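**Q** Can you keep this structure in mind? I'll have questions shortly.
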Amino acid sequence: MPSSSLIDRIESIPRRELYFFALYRVLVASLIAALLFSPLTMLAGEAHHPQLAQWVSVGYLLVSLGLLIWGRNERWLHTIVLWSVVADVVAAMLLTHALPGASAGISMTLLFNIAAAAMLLPLSRGMLVALIASGATLVEFGWRELEGGDNARTLAELAMFITSYLALAYISYQIGSRARRNQQLAEQRGAEVANLFEINELIIRRMRTGVLVVDGEGRITVANEAAIALLGDTEGSQAEDGARLSQLAPELAKRLQRWRNGWHEEEQPLALVPDQPEVQPRFARLLADSELSLVFLDDTTVVSRRAESLTLSTLGRFSASLAHEIRNPLAAINYATQLLEESPDIGESDRRLLQIIHQQCQRTNGIVESVLGLARRERANPENLDLAAFVRSFVLEYRQSLSIETDSLETIIREANVPALMDPRHLHQILTSLVHNALKYGRLADEPARVRIRVSSSGPHAVIDVMDRGPGIPDAVAAQLFRPFYTTSEHGTGLGLYIARELCRANQAQLDYISVPAGGACFRLTLAAPRKAAGN
């Protein structure tokens, strides 16, 4: 729960306000005591009760000094302020009675005490202080009337002072209340500004684009995490200590200086550190009349990936439209080829050509089906799965649906239960593609294919390895495996592994090719950790 305003919570008013209030009381008490115990006594007028005036002035001074020393405890603020003002009123009443000539000045002095108390106290207690002061004024007037002395004060003067006490207490409370509201609003706005500052700082620090602030002398004043990484300053010690840009990235400093001199920004990417990707620097002036400059460092690899993603997205939509247009004439060609193969007038050489046409139609249709499947792919609906049971069921189904004569497809599952999070439809499609490739390409010469599916756990994640004992995949080919339409087979579409990886990404999973030193190939599928049940 957020803390209240310092002024709104009276108990938390700073000690300084209490100190100055007590100091004012000591000043007034000292002035009265000085007038009574010095040759300037005649300035206070003729004393009606000289001894009473002296005793009250000394006592009031001692009380004022005590409040100055011990009366700044914020925990007892209400009590201290209330009783200190009551002491002020009692002292003022006694001094007014003892020094009738100074009664007007003493009453005027009391106005400040009432106003200060009304500002610091709630309305009810502030008005109570004003009523006590008004009552003390009436008591003193009645006391003098009972003594039968010459009363220098009139009822009209009393009425004006009483009205002033009450009105000033109410007005002072309103001023204090408004000050409390303004202070609370100011603190609220200050907290919002502080939060926005922290949010902005966090956003800048976590931006993938590197951001640097460079002063007129070329020193780095601010650098976010991405900029520190691109500069090769792994610990960030140099950038955060105000190092010169020319020391960390000389070429970037030269470009910045050329830009400051009025040159156009250069479009050519720049390599800041040999082991880091190239960056595309952009410059902007922080303020119109400031020498501070903003330097944005865009990672060209990220930009390239975004461009590639947009290109593939556009290409996918275009390919889907094109695939629909290809299917109809392709189906007609395939049907005509089948009819020609049934004709008895076709020779063996022509029949071989028809088989080639039929095979190429089938291959083209496979490409069309893959493109359409990629274009209409549904959003993933991950579920908590037991991979051990799922893979066993998949292998059993694959054996029954496909003819595996001499080839073998086995499972290696040593754990009874391997939990994971994955869309079962997508997982089935991925395993089908991987097993199909392994059975087709994972064989040596005329030997039968031996494919193993291994299920295991790696920390919180589950892992599925699809392994074969074939000739393996060359490094040059392995680097291009997951690119769309890349294939080394004249009958392949080049979309199987690409679609499999995209399905993995949709499920927060990862598909990688693992080189096997002893020979063969291994595709590793790393799945997301399962969701915890509600309440766990």
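The values are calculated or read from the model by the stated rules, or taken from the named source; none is laboratory data. Just so we're clear, the structure is a prediction, and the values are computed from it rather than from any experiment. Counting neighbours? That spans all protein chains shown, and the Cβs are built from the backbone with ideal geometry, glycine included. Heads up: the accessible areas ignore ligands, DNA and RNA and are worked out on the full protein's heavy atoms, side chains in. Shrake-Rupley method; radii C 1.70, N 1.55, O 1.52, S 1.80 Å.
**Q** Name the residue, out of ALA167, ALA156, ALA223, that is hydrophobic (A, V, I, L, M, F, W, C) and open to solvent by less than 40 Å² (accessible area, probe 1.4 Å).
**A** Answer to the selection: ALA223.
**Q** Continuing with this model, one more query. It is to be established whether one or more residues within segment 157-168 are in contact (Cβ under 8 Å) with a residue 24 or more places away in the chain and assigned to a strand (DSSP E or B). Don't jump to the end; show me each part of the working.
**A** Within segment 157-168, the subset in contact (Cβ under 8 Å) with a residue 24 or more places away in the chain is 157, 161-162, 164-166, 168.
Next cut, assigned to a strand (DSSP E or B) only: none.
Checked segment 157-168: no residue is in contact (Cβ under 8 Å) with a residue 24 or more places away in the chain and assigned to a strand (DSSP E or B).
**Q** Quick one: how many residues across segment 432-455 are open to solvent by less than 10 Å² (accessible area, probe 1.4 Å) and touching a residue at least 60 places away in the same chain (Cβ under 8 Å)?
**A** Here is the first cut: in segment 432-455, the residues open to solvent by less than 10 Å² (accessible area, probe 1.4 Å) are 434-435, 438, 442, 449, 451, 453, 455.
So of that shortlist, the ones also touching a residue at least 60 places away in the same chain (Cβ under 8 Å) come out as 434, 438, 442, 453, 455.
So the answer is 5.
**Q** Could I ask something else about it? How about segment 406-424: which of its residues are in contact (Cβ under 8 Å) with a residue 40 or more places away in the chain and open to solvent by 90 Å² or more (accessible area, probe 1.4 Å)?
**A** Selection gives THR406, ARG414.
**Q** What are the residue pairs meeting all of these: first residue in segment 194-210, first residue within 20 Å of PHE283 (Cα to Cα) and free of Cβ contacts under 8 Å to residues at least 24 places away in the same chain, second residue among the charged types (D, E, K, R) and open to solvent by 90 Å² or more (accessible area, probe 1.4 Å), Cβ atoms under 8 Å, and 6 or more apart or on different chains?
**A** Cβ pairs passing all conditions: ARG205/GLU225; ARG206/GLU225.
**Q** When you scan segment 107-127, do you find a residue that is out of contact with any helix residue (DSSP H, G or I) (no Cβ under 9 Å at 6 or more places or on another chain), among the hydroxyl-bearing types (Ser, Thr, Tyr) and either more than 15 Å from LEU31 (Cβ to Cβ) or without any contact (Cβ under 8 Å) to a residue 12 or more places away in the chain (or both), even just one?
**A** The answer is yes; a qualifying residue exists.
**Q** For ALA476, indicate whether it is in contact with a helix residue (DSSP H, G or I) (Cβ under 8 Å, 6 or more places away or on another chain), at pLDDT below 85 and among the small types (Gly, Ala, Ser).
**A** no
**Q** Could you check segment 456-472 and list, in sequence order, the residues that are assigned to a strand (DSSP E or B), open to solvent by less than 10 Å² (accessible area, probe 1.4 Å) and touching a helix residue (DSSP H, G or I) at 6+ places or on another chain (Cβ under 7 Å)?
**A** Result: ALA462, ILE464, VAL466.
**Q** For SER304, all conditions in the list (1) loosely packed, with under 10 Cβ neighbours inside 10 Å; (2) modelled with pLDDT under 75; (3) of a type in the set (S, T, N, Q) hold save one; what is the number of the exception?
**A** Of everything listed in (1) loosely packed, with under 10 Cβ neighbours inside 10 Å; (2) modelled with pLDDT under 75; (3) of a type in the set (S, T, N, Q), SER304 misses just condition (1).
**Q** Just give me the residues in segment 170-184 being among the hydrophobic types (A, V, I, L, M, F, W, C) and open to solvent by less than 80 Å² (accessible area, probe 1.4 Å), in sequence order.
**A** Selection gives ALA179 alone.
**Q** Scan segment 449-456 and give yes if some residue there is farther than 30 Å from LEU330 by Cβ, modelled with pLDDT of 85 or more, charged (D, E, K, R) and touching an Asp or Glu at 6+ places or on another chain (Cβ under 8 Å), otherwise no.
**A** Looking through segment 449-456, at least one residue is farther than 30 Å from LEU330 by Cβ, modelled with pLDDT of 85 or more, charged (D, E, K, R) and touching an Asp or Glu at 6+ places or on another chain (Cβ under 8 Å).
**Q** Same structure, new question: Specify which of the listed residues (ARG505, ARG531) is surrounded by fewer than 20 Cβ atoms within 10 Å (Cβ to Cβ) and touching a strand residue (DSSP E or B) at 6+ places or on another chain (Cβ under 8 Å).
**A** Details: ARG505 fails: touching a strand residue (DSSP E or B) at 6+ places or on another chain (Cβ under 8 Å).
On inspection, the qualifying residue turns out to be ARG531.
**Q** Here are GLY45, GLY71: which of them is at positive phi and at pLDDT below 75?
**A** GLY45
**Q** Another question about this same structure. Quick check, is SER107 at pLDDT 80 or above and polar (S, T, N, Q)? Let's see the steps before the verdict.
**A** Numbers: at pLDDT 80 or above: no; polar (S, T, N, Q): yes.
No: the conditions fail for SER107.
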